1. Just the residues that are of a type in the set (V, I, T) and either away from ligand 1 (no atom under 16 Å from the Cβ) or closer than 19 Å to E119 by Cβ (or both), please, taken from the range 33-88.
2. So, in the range 108-135, how many residues would count as being part of a loop (DSSP other than H, G, I, E, B) and either within 14 Å of ligand 2 (Cβ to nearest atom) or not hydrophobic (A, V, I, L, M, F, W, C) (or both)?
3. I138 - would you say it is β-branched (V, I, T) and either within 15 Å of ligand 2 (Cβ to nearest atom) or in a loop (DSSP other than H, G, I, E, B) (or both)?
4. Being more than 17 Å from D22 (Cα to Cα), assigned to a loop (DSSP other than H, G, I, E, B) and away from ligand 2 (no atom under 16 Å from the Cβ) is the filter here, so list the residues in the range 38-66 that pass it.
5. When only residues in the range 8-24 that are loosely packed, with under 14 Cβ neighbours inside 10 Å and free of Cβ contacts under 8 Å to residues at least 60 places away in the same chain count, which is nearest to V73 (Cα to Cα)?
6. Examine the range 92-104 for a residue that is more than 13 Å from ligand 1 (Cβ to nearest atom) and within 14 Å of V125 (Cβ to Cβ), and state whether such a residue exists.
Amino acid sequence: SRTLPAVSAPTAERSLVLVKPDGVARGLVGQVIARLEAKGLRLVAAELRTLTTEVAEEHYGEHRERPFFGSLVEFITGGPLLALVVEGPRAIEAFRALAGATDPVKAAPGTIRGDFALEVQANIVHGSDSPESAAREIALFFPAL
Ligand code: GDP
Ligand code: MG
């Protein structure tokens, strides 16, 4: 019998992506989705919703001690956001690359933040930063998945 090829099939990974309230208010949902779909990421779930303070504090729990935490929670609960689960090979890293650096002024042009934002808090999108964060965040936003 023949041996299997050395290169294995890409393993699908999932990431939680948010189009934050600033992105929804500015009408950037379509452009964000167009970019991630063009990249090859597949939509697994999508829901427009306004977060409660409790869910927002849980989602950003790692930043609880930071001076901007209260402001961040107010911002992220300040209007509807679009929560997405995307899937594809190395989806977490792939979406973070599309999003660009946290500070939009430092984010490379061509990235979502680099093209559409100027302020560190109102930076249009969130993407999970590790498999552990993705699992935790997907369970928080889409417990049925
Ligand atoms: P991300 O993983 O690239 O989203 O960045 P972080 O996990 O470090 O921060 C989470 C979110 O908090 C960022 O996307 C910003 O919306 C916000 N943020 C980060 N740093 C600051 C800051 O210095 N000031 C304020 N007001 N918001 C910040
Ligand atoms: Mg982060």
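Nothing in this text is a laboratory measurement; each read-out follows from the coordinates by a stated rule. Since the model is a prediction, treat every value here as computed from it, not as a measurement. Quick reminder, even Gly has a Cβ in these numbers, built from the backbone with ideal geometry, and neighbours come from all protein chains shown.
1. Within the range 33-88, I33, V44, T50, T52, V73, I76, T77, V85 qualify.
2. Total satisfying the criteria: 9.
3. It is true that I138 is β-branched (V, I, T) and either within 15 Å of ligand 2 (Cβ to nearest atom) or in a loop (DSSP other than H, G, I, E, B) (or both).
4. If the condition is that a residue be more than 17 Å from D22 (Cα to Cα), assigned to a loop (DSSP other than H, G, I, E, B) and away from ligand 2 (no atom under 16 Å from the Cβ), then G40, L41 are the ones that fit.
5. Only one residue tops the list, namely A9.
6. yes
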